[in-house]
Every structure is written in structure tokens, then in C-alpha cells.
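Here the structure comes first, spelled out in C-alpha cells, and everything after it is commentary.
All of the numbers you see were taken from the coordinates with simple rules; none came from a lab. These figures come from a predicted structure and were not determined experimentally. Don't worry about glycine lacking a Cβ; one is built from the backbone with ideal geometry, like all the others, and counts go over all protein chains shown.
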Number of protein chains: 2
Amino acid sequence: MCGPFGWGGFEPTSSREKKHEFFVDMTCEGCSKAVTRVLDRLGGVQFDIDLPNKKVFIDSEHNVDTLLETLKKTGKNTSYLGEKSAQ
Amino acid sequence: MCGPFGWGGFEPTSSREKKHEFFVDMTCEGCSKAVTRVLDRLGGVQFDIDLPNKKVFIDSEHNVDTLLETLKKTGKNTSYLGEKSAQ
């Protein structure tokens, strides 16, 4: 009776449904911790890091350019992959 | 007549003989490449990276604060260890 979504079928606002997806060339836990630290330092971000696939998913009040510049500060190869709908 | 150095044989100033030694918490080649990239981006530095011992030796026109801030951009734990005489 709640439909396939299980929570009444009602959608949250679109800003919470999409995450920016970035490629960040991380190869060890030290790399992912470094990314965590620069994003925490920036603030205003919620993020998940997928180390094996070298991806960072970010939900933020900041724009893509700011996020990309912040990630590039780490010195790692980084690129913006686009928006990804939250599961 | 110009001596073995080709420019009069006089020694460079002592500032070229000492290197600043930093601890940088690097754990893989990706970490050391990231450090290389941020230092290259800064410019005006000559450096060696000792990955196993997590150390970076820098000879630079920049002061220690600038070098430390640059290294910290990587998101890695970093500290200044002092000056080390070149071998």
C-alpha cells in the first residue's frame, strides 16, 4: 500500500536526491583519509568515498567548481563525472 | 680559467646547502605523487621524497610556513622537523 518506495512514495526535494560524482585517483586508505580531511576542512558537504572505484559522491551547498578545486588541492588526479541520483 | 664550475668556482650561499625536513604521512606511491604535484604547482622548490620514512626534504626560496601550508593542502598529516645539512 505504500508503493515500491516503501515510504509513501513521496519524493524528497531534488537537492537531496542528486549527488555530484567525482573521480579521484585514490589508491590507499591514506589517500581516502586525505580526501576526507580536505572536504571536512571545506565544510558544508556530505559525502561518501568509494575507494576501490576511486569515486567520491558529494552532496553540498557549494558549486561543482568549488568542490573540484577543493579535491584538486590534494594533488590527486580528479575529474567531475556528473550528477548521480541517490539510491 | 673559470674553474671546474664554469662560473668562477665560487660556492653557492649556504641557503642552498640546507634542506627543510618535513614529516608527511604518505603510505603509497599515490600519496608521494600527490605531494610531488602540490610542490610542483607551488614552484620555486627542489625536493626529495623518502616514502618509506614519510619524509620530504625541500630546498626553496619560500619560507617554512608557506611550505607547510602547501604540504597540508594535500590533507595529509604534516609537520616540520627542522633543517638538515645536505650530504
Filtered residue count, the range A:19-41, keeping only those that are within 15 Å of A:Leu68 (Cα to Cα), in contact (Cβ under 8 Å) with a residue 12 or more places away in the chain, at the interface with chain B (Cβ under 7 Å from one of its Cβ atoms) and assigned to a helix (DSSP H, G or I)
3
Per the filter on the range B:44-62, residues over 11 Å from the mean Cα position of the chain (by Cα) and away from chain A (no Cβ under 14 Å) are B:Asn53
I need a count of the residues in the range A:50-64 that are touching a residue at least 24 places away in the same chain (Cβ under 8 Å) and within 26 Å of B:Thr78 (Cβ to Cβ).
6
